[in-house]
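Q: Before anything else, here's the structure in question.
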Amino acid sequence: MLVVMSSQPDVAEFSASAVRAWLTANCPPSMRTPMTGPQDQVFGGRNADCTDPAAQVWLERMASQGWIAPTWPREYGGAGLSPADARVLANELRSLGCRPPLVAVQGLHMLGPALLEHGTAWQKERFLPAIAAGAERWCQGFSEPDAGSDLAAVRCRAVRNGDEYIVNGEKLWTTHGMHSDWIFAIVRTDSDVASRDGISILLIDLASPGVEVRPLPLLHGESEFAQLTFTDVRVPVRHLLGPENEGWPIVRSILANERRLLGLERSAGLATRRRANLLDLARRRLDCGEGRLPDPVLRDQLTAITFDDLSAKALSVRGGLHPAGLKYTTSRLNQRKADLRARLLGSAGLGGDGSCFDHTELGMTSDYLESRGWTIGGGTSEINLNTVARQELGLPHLGPEVRR
Ligand SMILES: Cc1cc2nc3c(=O)[nH]c(=O)nc-3n(C[C@H](O)[C@H](O)[C@H](O)COP(=O)(O)OP(=O)(O)OC[C@H]3O[C@@H](n4cnc5c(N)ncnc54)[C@H](O)[C@@H]3O)c2cc1C
């Protein structure tokens, strides 16, 4: 049972000024400073190692208001806000410079909405409040060694045995799999039908016997990815999300949420996380003051990026882009920003580690490398373009069917 105590008064009537007053009174001062790097992010979970007491206080206060998942119903840990009121809250958080109290992308933004729409009453009560309080951390188990873009090719099998499924198979590229408590996994529950049929979604406790979670080492030696193996893992039938064999539409809605989120988050720009903006950086590197940049080529590139950035933001705020288009546009845009930033930095932008690079320079190198990965994660650029071509533009598809 999760109990979050708060000595702070609730916001009696929702308005921008009431929200601002509450945030001003309740957000610890250190949580109103820019994050200095990934170590400042709070992910929550059973084994959360939140070493900063202020971050813990901030999480608990926001959770007690239901403002971690503001649009979710109150009985599931949310605040029951309308989307418009949730935007007011987000604006106030942004304008006061408050840090995100919880970064729980997979649970809050991918699984949560799917549970609200397709979950049983038991599933909603069991899982949603724990997500909204940061008490349990989730990861996404979609990709497999031979099923990435073509997700309908998954081979991880779940065979019904009384009140349980017995799960055997593998998952790959599971972001933060090593630190998560639960996984929402695509499994095959019927192998004798066309590939999109016979697919189901299971909610699997990673502490179950038979689950092996191994880090997937990357070139630089660290890893935020896991490879998971399931060997005769027993999962209660009540952990099935949606109907057996008919999980495909839910998979698609989770993917759309993922792309929308990645698009919106990325369109907010890496600068919101820890980077100076490009113009300031250019001025510093060229050692010039205010006014026009002396280099016309650089001026041109910066202007193009700034305009594309503004139009992507405007479109995403108006909800005018298909999630696949949004994710494609913003992930490409962030690559262009990261490229330009790296070129501005010259050799200072090549730091992997070591004392000859400062914290900001190291962060920019890591942003540059990350910007590559984010044209792959959440569906590759090619797959997203195919999706836009077919679903938005109604173009015929040529070649193999695109499933993601
Ligand atoms: C940063 C990051 C985070 C990730 N996090 C997760 C996670 O948490 N959970 C999870 O399940 N997965 C995760 N993934 C995996 C990711 O979803 C897959 O890598 C991605 O969908 C591509 O699949 P693949 O790697 O198997 O490549 P493939 O599908 O083998 O594709 C290889 C290349 O072929 C192209 N291609 C494939 N099919 C077509 C087609 N029909 N038309 C045109 N081009 C095509 C692709 O665009 C790509 O360039 C993550 C990946 C990254 C990089």
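Just so it is clear, none of the values below were taken in a lab; they were calculated from the coordinates. Everything numeric in this text was worked out from a predicted model, so none of it was measured. A quick note on method: Cβ atoms are made from the backbone with ideal geometry, for glycine too, and the neighbour counts reach across all protein chains shown.
Q: Between GLU125, GLU222, GLU246, which gets the highest mean-square fluctuation from a Gaussian network model of the chain, Cα cutoff 10 Å?
A: GLU222
Q: Whole angstrom only: what separates the Cα centroid of the stretch 155-219 from the Cα centroid of the stretch 53-110?
A: Here the two parts' Cα centres lie 29 Å apart.
Q: Given axes a ≥ b ≥ c from the Cα gyration tensor, I'd like to know whether the stretch 120-205 is rounded (a/c under 1.5), prolate (a/b larger than b/c) or oblate.
A: oblate
Q: On to the next question. Give a residue-ordered list of calculated ³J(HN,Hα) values for the stretch 33-40 (Karplus: 6.51 cos²θ - 1.76 cosθ + 1.60, θ = phi - 60°; whole Hz; x for Gly, Pro).
A: Ordered by residue, 3J(HN,Hα) equals 10, x, 5, 9, x, x, 5, 8 Hz.
Q: Scan around GLU144 for amide H atoms under 5 Å from its own, H built in the peptide plane at 1.01 Å from N, and keep only partners 5 or more places away or cross-chain.
A: For GLU144, whose amide H was placed from the backbone, the distant partners under 5 Å are LEU172.
Q: Here's another thing I want to ask about it. Under 1.5 on a/c is rounded, so check that first for the stretch 271-379, then, if it is not, pick prolate when a/b is larger than b/c and oblate when it is not; a ≥ b ≥ c are the square roots of the alpha carbon gyration tensor eigenvalues.
A: Here the stretch 271-379 falls in the oblate category.
Q: Compute the Cα gyration tensor for the stretch 1-140, then decide on rounded, prolate or oblate, letting a ≥ b ≥ c be the square roots of its eigenvalues: rounded whenever a/c is under 1.5, prolate when a/b is larger than b/c in the other cases, and oblate in all that remain. Before the final figure, lay out each step's value.
A: Values: a/c = 1.65, a/b = 1.19, b/c = 1.38.
Oblate, since a/c reaches 1.5 and b/c is not below a/b.
Q: So how do LEU255, LEU218 line up by other beta-carbon neighbours within 10 Å, fewest first?
A: LEU218, LEU255
Q: What FRET efficiency, computed as 1/(1 + (r/R0)^6) with R0 = 22 Å and r the Cβ-Cβ distance, is obtained for ARG87 and PHE307, rounded to the nearest 0.05?
A: Values: r = 24 Å, r/R0 = 1.09.
Once rounded, the FRET efficiency stands at 0.35.
Q: Each residue of the stretch 228-238 in turn: what ³J(HN,Hα) in whole Hz from Karplus with 6.51, -1.76, 1.60 and θ = phi - 60°, glycine and Pro shown as x?
A: Karplus values, whole Hz, x for Gly and Pro: 10, 10, 10, 10, 6, 7, 9, 10, x, 4, 6.
Q: So if I place +1 on the C-beta of Lys and Arg and -1 on the C-beta of Asp and Glu, and nothing else carries charge, what would the dipole magnitude of the stretch 29-161 be about its Cα centre? I want it in debye, nearest 20.
A: With Lys and Arg at +1 and Asp and Glu at -1, about 140 debye.
Q: How high is the relative contact order of the chain, given as a whole-number percent (alpha carbon pairs under 8 Å, six or more residues apart)?
A: 12 percent.
Q: Test of understanding: in a Gaussian network model of the chain with alpha carbons linked when under 10 Å, which of GLY77, GLY291, GLY66 would top the mean-square fluctuation ranking?
A: GLY291
Q: Within the stretch 91-128, what residues put their amide N at less than 17 Å from the label point 7 Å along the Cα-to-Cβ vector of VAL317?
A: 91-97
Q: Choose one of PRO53, LEU93, THR189: the residue whose Cα lies farthest towards the positive end of the charge dipole of the chain (beta-carbon charges +1 Lys, Arg; -1 Asp, Glu; about the Cα centre).
A: Sorting the options by dipole projection puts first LEU93.
Q: Taking the 0 to 90 degree range and rounding to the nearest ten, how far is the long axis of helix 359-373 tilted relative to the main principal axis of the chain, both from C-alpha atoms?
A: The two axes meet at around 50 degrees.
Q: Continuing with this model, one more query. Under a 10 Å cutoff between Cα atoms, tell me which one of GLU92, GLU117, GLU144 has the largest fluctuation in the Gaussian network model of the chain.
A: Comparing GLU92, GLU117, GLU144 in a Gaussian network model of the chain, the most mobile one is GLU117.
Q: Divide by every residue of the chain the summed helix terms, -39500 (n - 2.57) for each DSSP H run of at least 4, and state the resulting mean residue ellipticity at 222 nm, rounded to the nearest 500 deg cm²/dmol.
A: For the chain, the value works out to -12000 deg cm²/dmol.
Q: While we're on this one: On C-alpha positions alone, give me the angle between the axis of helix 16-26 and the longest principal axis of the chain, in degrees, nearest 10.
A: Result, in degrees: 90.
Q: Here's something else I'd like to know. Explain nothing, just the number: dipole magnitude of the stretch 203-267 about its Cα centre with +1 on each Lys and Arg Cβ and -1 on each Asp and Glu Cβ, in debye rounded to the nearest 20.
A: Computed about the Cα centre, the dipole is about 220 debye.
Q: For helix 121-132, what angle does its Cα long axis make with the longest principal axis of the chain, in degrees from 0 to 90 and rounded to 10?
A: 20 degrees
Q: Also: Mind checking the dipole of the chain: about its Cα centre, +1 per Lys or Arg Cβ, -1 per Asp or Glu Cβ, Debye to the nearest 20? It would help to have the intermediate numbers written out before the result.
A: Numbers: 44 positive and 47 negative charges, 198 e Å.
The dipole of the chain has a size of about 960 debye.
Q: Given the options VAL235, CYS27, ALA314, identify the residue whose Cα lies farthest towards the positive end of the charge dipole of the chain (+1 on Cβ of Lys, Arg; -1 on Cβ of Asp, Glu).
A: Towards the positive end, the residue furthest out is ALA314.
Q: A further question follows. Got the relative contact order for the stretch 337-384 handy, in percent, Cα pairs under 8 Å and 6 or more residues apart?
A: With pairs under 8 Å counted, the relative contact order is 33 percent.
Q: Okay, moving on. Rg/Rh for the chain: what does it come to with C-alpha atoms and Rh from Kirkwood?
A: Details: Rg = 22.2 Å, Rh = 22.8 Å.
Ratio of gyration radius to Kirkwood radius for the chain: 0.97.
Q: How far is it, in nm, from the label point at VAL237 to the one at ARG284 when both lie 7 Å from their Cα along the line to the Cβ?
A: 6.1 nm
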